[in-house]
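**Q** Pasting a structure below so you can have a look.
Only the coordinates and a few stated rules stand behind these numbers; no lab work does. Every value quoted in this text rests on a predicted model; they were computed, and no experiment measured them. Virtual Cβ from ideal backbone geometry, glycine too; neighbours counted across all protein chains shown.
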Amino acid sequence: MAKLERTDKPVSVLLEELSRGEIGLPEIQRGYVWNRPQARDLVDSLYREYPSGLILLWKPEELPELRDGAFEQVDERRLNYLVLDGQQRLTALKQVFDGRINVYFHVEDETFQIYSAKMKANPLWVSVKETVNQGAVRVWRELQERIGGASGKIDRSQLDRYLDRLARLEKIKEYRYPVMIIHTDDYEEITESFIRINSRGTRLREAELAMAQLAFHWPGAIVREFESALEDYEQANYEVEARFLMRCFVAVGTNQSRFRHLSVLWKKSQTELEAIWKRTRRAIDHTINFLRNNAGIESSRWIPSINALVPLVVYFSTKEGRLSDEEARRLLFWFLEATIHGRFTGSPETKLDQDLRAIAGTSPLDNLIGNLRREIAGFGITSEMIEGKYQRNPFLPLMFIVFRKNRAQDWFTGTVLSSTNVGPDHQLELHHIFPKAVLKQANDYGPHEIDDLANIAFLSQRANRTILKSSPDEYLSEIEPSRLEAQLVPGREFWNIGRFREFLTERRNLLTQAINEFLQELGQDYLHQV
């Protein structure tokens, strides 16, 4: 049975312990996820002496696996406590106090804001970092000089009020947190405590609670295996999160995607869990290589929903690295159709579980296509379907894939388009063929027309900057026709600003035809449906 110790500690003491490496994070904790406004709001709460929760620490006799780099450099010789609850608050306060999060305080309004350059014009904004570290009196004296220089006179009663407020601000470092310390070496008990604490409300997602369970049943899985995989995938331009890896692990291990029903998984031995992860890791590798090489999807930025990868991972986990040409073609057809029709947007679990059951059947690819067929009218697309703003448009990635298949080149450098090109001049950007400035100057077109997908091409940053406000009938005539054709730009008769709407219609028709031909090539077994 764990021993529970109750005490309280000022913020300053907790942060000193953190800086000396006496406080660390167990593997079951997540990394720092708060944004700057959340840190600002915490400082506001402490200033007003509002309750802000308690700090829950764990003092083990023997250290478990630790999460590196979450706080300061942890010194295992000095390490006394591991944080179970309070990591986000302590990290936020540390970053405010050392200036990494630059929060300012308005001495008249008693409001807090993240620093911006426009604050320089108002002498009543003062730095929280300077007040806490240098003291209220020093900051107050500097404030007097600024106010005196700005107004030529100083109201003494007003200044006294400002000093009181700055003194209150400085005292936030003495805000005393209730601290509970659990003394135990029972990791199962600690994991259960962590899960119960974080199951209240929505403080942690179910995936993160599942990862805490995995860390208990297989120490080192998160800090060694998951983080190593995330680094490798980031190098490959696939920036995924740990909860995506957990979703894949659960799907491969249980053939379902939900994190709530994992009792069977946790009955497995550590050796069995390691084997599931090895299958999962190989399958994710296969998925990324498949998308990069078979579809030209070189980056996760071209995937509207990362959950769409989960069925691919499970499918590859069953193939032991073997995939025929026919399987590759049909699998890519399913993936692209599922993506453009938004199968996995929103809450994906129901659709994922349908597809995982399909993969477990006797004809996995036919079953996957059957799931799609039940919810969409047909696999072909119409020009009306791709009409609309390019931002978040599900057809933007498919348009890029078609252009890649055309071996599209940058209009100026001649380099084949790629999201992995090296150097800022060659990085890929979305370009308005009829530039925004030109269309706005015409005063005839609204934002939806200007930003329509049919007005978008892919260019290098340098080319995009070169064009800027050039009229399309001027700059397009200087580009090699084959390069325009590869990105399906209509002929010069449509380049006049007065024919912009006709240009959109013509290019939309060209895009629709090219996308349908590409999908028909992939889904030739389903031609009667395409």
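**Q** Along the Cα-to-C-beta direction of Trp34, a point sits 7 Å from the Cα; which residues of the stretch 89-113 have their amide N less than 19 Å from that point?
**A** 89-106, 111-113
**Q** I've got another one for you. Apply the a/c threshold of 1.5 to the C-alpha gyration tensor of the stretch 197-286 and tell me whether it is rounded, prolate or oblate.
**A** Working: a/c = 1.64, a/b = 1.22, b/c = 1.34.
It comes out oblate by the Cα gyration axes.
**Q** Take the alpha carbon atoms of the stretch 498-514, find their center, do the same for the stretch 314-336, and report the distance between the two centers in whole angstrom.
**A** Centre-to-centre distance over Cα atoms comes out at 34 Å.
**Q** Considering the dipole of the chain built from charges on the beta carbon (Lys and Arg +1, Asp and Glu -1) around the Cα centre, which of Asn80, Thr350, Tyr233 is farthest to its positive end?
**A** Going by the charge dipole, the pick is Asn80.
**Q** When a/c is below 1.5 the answer is rounded, else prolate if a/b is larger than b/c, else oblate, so apply that to the stretch 277-423 with a ≥ b ≥ c taken from the square roots of the Cα gyration tensor eigenvalues.
**A** Details: a/c = 1.91, a/b = 1.30, b/c = 1.47.
Oblate, because a/c is 1.5 or more while a/b does not exceed b/c.
**Q** I've got another one for you. Pull out the extension gain between Glu49 and Glu174, defined as 0.36 nm times the separation in residues minus the alpha carbon to alpha carbon distance; nm, one decimal.
**A** 43.9 nm
**Q** Cα-based Rg of the stretch 108-167 per 2.2 N^0.38 Å, rounded to two decimals?
**A** Here the answer is 1.07, to two decimals.
**Q** Bin all alpha-carbon pair distances of the stretch 383-524 at 10 Å intervals from 0 and give each bin's fraction as a whole percent.
**A** 12, 44, 37, 7, 0
**Q** So what's the net charge close to Asn237: Lys and Arg +1, Asp and Glu -1, counting the other residues with Cβ under 12 Å from its Cβ?
**A** Neighbourhood net charge equals -2.
**Q** In a solvent-free Debye calculation with one equal scatterer on each Cα, what is log10 I(q)/I(0) for the stretch 396-478 at q = 0.15, 0.20 Å⁻¹, listed in the order of the q values?
**A** Ignoring solvent entirely, the Cα scatterers give -0.56, -0.95.
**Q** Given the pairs Lys389/Lys436; Lys129/Lys173; Lys120/Lys173; Lys94/Lys129, which are separated by over 18 angstrom at their Cα positions?
**A** Beyond 18 Å between Cα atoms: Lys120/Lys173.
**Q** Asp41: net charge of surrounding residues, Cβ under 15 Å, Lys/Arg +1, Asp/Glu -1, itself excluded?
**A** +1
**Q** Counting only helical runs of four or more DSSP H residues, what would the 222 nm mean residue ellipticity of the chain come to if each run contributes -39,500 (n - 2.57) and the total is spread over all its residues?
**A** -14500 deg cm²/dmol
**Q** Something else: Could you give the nm distance between label points at Thr7 and Glu145, where each point is 7 Å from its Cα heading toward the beta carbon?
**A** Distance between label points: 4.1 nm.
**Q** Order by neighbour count: Met246, Met180, fewest other Cβ atoms within 10 Å first, most last.
**A** Numbers: Met246 24, Met180 17.
Ordered from fewest to most neighbouring Cβ atoms within 10 Å, Met246, Met180 come out as Met180, Met246.
**Q** I would also like to ask the following. Looking only at the chain, where both bridge partners belong to it, what percent of the DSSP beta bridges are antiparallel (to the nearest 5)?
**A** Among the beta bridges of the chain, antiparallel pairing accounts for roughly 80 percent.
**Q** While we're here: If I model the chain as equal point scatterers sitting on the Cα atoms and use the Debye formula, what is log10 I(q)/I(0) at q = 0.05, 0.10 Å⁻¹?
**A** With one equal scatterer per Cα and no solvent, log10 I(q)/I(0) is -0.30, -1.00.
**Q** How big is Rg to Rh over the stretch 79-131, alpha-carbon atoms, Rh as the Kirkwood inverse-mean-distance radius?
**A** Working: Rg = 14.1 Å, Rh = 12.5 Å.
On the Cα set of the stretch 79-131, Rg over Rh gives 1.13.
**Q** Can you tell me which lysines have their Cα less than 19 Å from the Cα of Lys278? Leave out same-chain residues fewer than eight positions away.
**A** Lys267, Lys268, Lys319
**Q** May I ask you to sort Ile401, Ile297, Ile306 by Cβ crowding, counting other Cβ atoms within 10 Å and putting the fewest first?
**A** Ordered by Cβ neighbours within 10 Å, fewest first: Ile306, Ile401, Ile297.
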